[in-house]
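Each reported figure results from applying straightforward, stated rules to the coordinates on display, with no laboratory input. Given the structure is predicted, the values throughout are model-derived calculations rather than measurements. Every residue, glycine as well, gets a Cβ built from its backbone with ideal geometry; the counts of neighbours run over all protein chains shown.
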Amino acid sequence: MNPIAQQLNETLQTENSNVYEMLSALGKAIYFPKEGILSQSAEAKTKATKFNATIGIATEGGQPMHLKVIQETLTAYNPKDIYEYAPPGGKPELRAAWRTKMLKENPSLEVKGFGTPIVTNALTHGLSIVADLFADAGDAVIIPNKNWENYELTFGVRRGAEIVEYPLYNEQTRFNSEGLREAMLAQKDKGKVIVILNFPNNPTGYTPDPAEGEEIIAAIRDAAEAGINVVAVTDDAYFGLFFEDSLQESLFSKLAELHPRVLAVKVDGATKEEYVWGFRVGFITYASKSAATLNVLEQKTLGIIRSTISSGPHPSQTFVLRALNSPEFELQKAEKYDIMKGRANRVKALLDSGRYGDVWSYYPFNSGYFMCLKLSGVTAETVRVHLLNQYGIGTIALGETDLRVAFSCIEEENLEELYDTIFKAVSELIAEQA
């Protein structure tokens with residue numbers, strides 16, 4: 001094993017042996033080189049006052065070389081903020097700005113220890129870093145039965161982990177914290193679990209209320225006290241889009257410093273929060289009251305980034321930083337929030353109007369981009385295909401009964417026609433079967 005990796009592991013064993021035990025074989029072996037092209041280039045950047053012939057970019061006239069046909073569309077930006085490589089951990093100013101944003105939106109974090117967010121190539125990349133660092137073949141990854149399909153690829157296919165599901169809702173159609181607890185305790189012999197908490201949930205658009213949040217925290221604490229090491233990951237892709245009396249902060253705030261056997265990891269990003277899906281700017285943040293532990297986790301994360309994508313795209317990081325620093329940012333974001341809330345409320349009003357009879361029910365939703373219908377008497381895939389072929393309407397079929405509808409991409413004035421047409425399609429298919 002490389003001496004740097006060994007040193008990082010020894011530090012982690014001293015600071016928190018439980019977190020060390022959570023690491024995968026790759027997580028234990030990975031490190032960020034202290035000596036090499038990047039470190040030598042960084043040193044040269046501060047000391048090479050005459051000529052700097054270290055890094056693999058081209059310069060001209062004292063700035064990064066670039067083509068006019070590209071720069072003419074980006075005249076608001078200095079070439080050094082667009083064309084140079086961003087550091088593997090991301091643009092330092094952006095990392096600091098995102099941390100400030102996290103504290104503003106999650107005031108409970110003020111008294112907790114957590115690191116500076118590390119920039120990822122959006123949310124999926126952040127989750128793949130978690131998988132690489134913590135998931136070995138056979139490790140249990142616990143998710144609800146209504147989940148984003150990419151978890152299976154990221155943790156199951158790529159890393160060989162075992163996906164363990166529990167019902168998202170209990171009999172009262174509230175979050176099934178008891179199911180989560182049972183799923184974790186069932187892994188006691190393994191001594192380790194990775195738990196993914198995705199709120200607002202994709203595909204249902206559900207976020208627990210504060211009481212349910214406390215139940216989730218209690219369940220994770222119980223698992224830790226039973227001797228299970230828990231990597232508790234909050235997938236906060238749709239954070240902030242809370243339309244009713246749900247949790248308003250990320251559970252990361254409560255998971256931070258919860259128990260020595262619990263490592264809280266927050267994966268979030270500008271992707272959906274700031275409506276910049278194609279920018280691919282995300283973040284991964286670790287919680288610990290130990291600065292040394294945070295440093296080890298950051299160095300290992302930088303090693304994963306360096307060995308896969310090297311660093312994230314610089315232009316989109318610059319764009320997001322400029323937005324965060326703009327005095328118009330909060331106002332413009334509030335305007336988009338109001339539009340999204342209006343769409344969610346309109347959907348709920350339509351579904352509660354009684355106009356659709358008993359051909360479906362719907363899962364509770366209060367946040368995010370989506371909601372799910374639970375169809376009766378016809379399969380979701382049959383409805384999906386019928387809607388697409390006969391009416392030119394696209395939806396997502398999930399399992400036998402669930403049809404996901406993204407109200408996020410439908411204008412409010414068109415929602416009535418959308419759901420009326422879905423109802424018509426379901427009714428036609430039921431009639432054909434009669």
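Quick look at the values:
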{"quantity": "Inter-probe distance in nm under a simple model that places probes 7 Å from Cα toward Cβ, at THR73 and ALA96", "calculated": "3.1"}
{"quantity": "Pairwise Cα inverse-distance average, inverted: Kirkwood Rh of segment 300-351 (Å)", "calculated": "14.3"}
{"quantity": "Leading residue at positive end of dipole, the chain (Cβ point charges), from LEU127, LEU26, GLN6", "calculated": "GLN6"}
{"quantity": "Alpha-carbon Debye profile of segment 51-188, log10 I(q)/I(0) at 0.12 Å⁻¹", "calculated": "-0.79"}
{"quantity": "Cα Rg, Dmax, segment 337-390, angstrom units", "calculated": "12.7, 36"}
{"quantity": "Sorted largest first, extent of segment 70-112 alpha carbons per principal axis (Å)", "calculated": "45, 21, 10"}
{"quantity": "Charge dipole magnitude, Cβ of K and R +1, D and E -1 - the chain, Cα centre, debye nearest 20", "calculated": "1620"}
{"quantity": "Mean Cβ neighbour count within 10 Å, used as a protection proxy, ranking 329-339, 31-41, 221-231, 278-288 highest first", "calculated": "278-288, 221-231, 31-41, 329-339"}
{"quantity": "Pairs beyond 23 Å (Cα-Cα), from LYS101/LYS266; LYS146/LYS336; LYS101/LYS289", "calculated": "LYS146/LYS336"}
{"quantity": "Nitroxide proxy distance, nm - points 7 Å out along Cα→Cβ at GLU149 and LEU388", "calculated": "1.0"}
{"quantity": "The chain, relative contact order [Cα under 8 Å, separation at least 6], %", "calculated": "18"}
{"quantity": "Cα centroid separation - segment 49-99 against segment 284-323, whole Å", "calculated": "18"}
{"quantity": "Convex hull volume of segment 330-433 per residue (C-alpha atoms, cubic angstrom)", "calculated": "93"}
{"quantity": "Proximal aspartates and glutamates to LYS254, defined as alpha-carbon separation beneath 17 angstrom and excluding residues fewer than eight positions away on the same chain", "calculated": "GLU105, GLU110, ASP209, GLU212, GLU214, GLU215, ASP222, GLU225, ASP235, ASP236, ASP268"}
{"quantity": "Within a Gaussian network of the chain (alpha carbon springs, distance under 10 Å), most fluctuating of LEU123, LEU103, LEU74", "calculated": "LEU74"}
{"quantity": "Charge dipole magnitude, Cβ of K and R +1, D and E -1 - segment 169-280, Cα centre, debye nearest 20", "calculated": "560"}
{"quantity": "Residue-span extension gain [GLU225 to LEU331] - 0.36 nm each, minus C-alpha spacing", "calculated": "33.7 nm"}
{"quantity": "Beta bridge orientation in the chain: antiparallel %, DSSP, nearest 5", "calculated": "55"}
{"quantity": "Dipole magnitude (debye, nearest 20) for segment 330-433, charges at Cβ of Lys, Arg, Asp, Glu", "calculated": "240"}
{"quantity": "Extension gain (nm, one decimal) between ALA29 and ARG158, 0.36 nm per residue minus Cα-Cα", "calculated": "44.7 nm"}
{"quantity": "By average C-beta atoms within 10 angstrom, highest first, the peptides 396-409, 264-277", "calculated": "264-277, 396-409"}
{"quantity": "Segment 65-97: GluC sites (Glu not before Pro) in DSSP coil with no more than 10 other Cβ atoms inside 10 Å", "calculated": "GLU72"}
{"quantity": "Selection from ALA183, ALA97, GLY357, by position along the positive dipole direction of the chain (Cβ)", "calculated": "ALA97"}
{"quantity": "Proximal lysines to LYS45, defined as alpha-carbon separation beneath 16 angstrom and excluding residues fewer than eight positions away on the same chain", "calculated": "LYS34, LYS80, LYS91"}
{"quantity": "222 nm mean residue ellipticity, helices alone, for the chain (DSSP H n ≥ 4; -39,500 (n - 2.57); rounded to 500)", "calculated": "-13000 deg cm²/dmol"}
{"quantity": "Using distinct alpha-carbon pairs, which all enter the 1/r mean, Kirkwood radius of segment 128-251 in Å", "calculated": "14.6"}
{"quantity": "With 20 Å bins from 0: P(r) over the chain, alpha-carbon pairs, percent", "calculated": "24, 52, 23, 2, 0"}
{"quantity": "Cβ crowding within 10 Å averaged over residues, with 374-384, 166-176, 56-66, 245-255 ranked highest first", "calculated": "245-255, 374-384, 166-176, 56-66"}
{"quantity": "Added length on full extension, which subtracts the Cα-Cα distance from 0.36 nm per residue, LYS80 to ASN414", "calculated": "115.8 nm"}
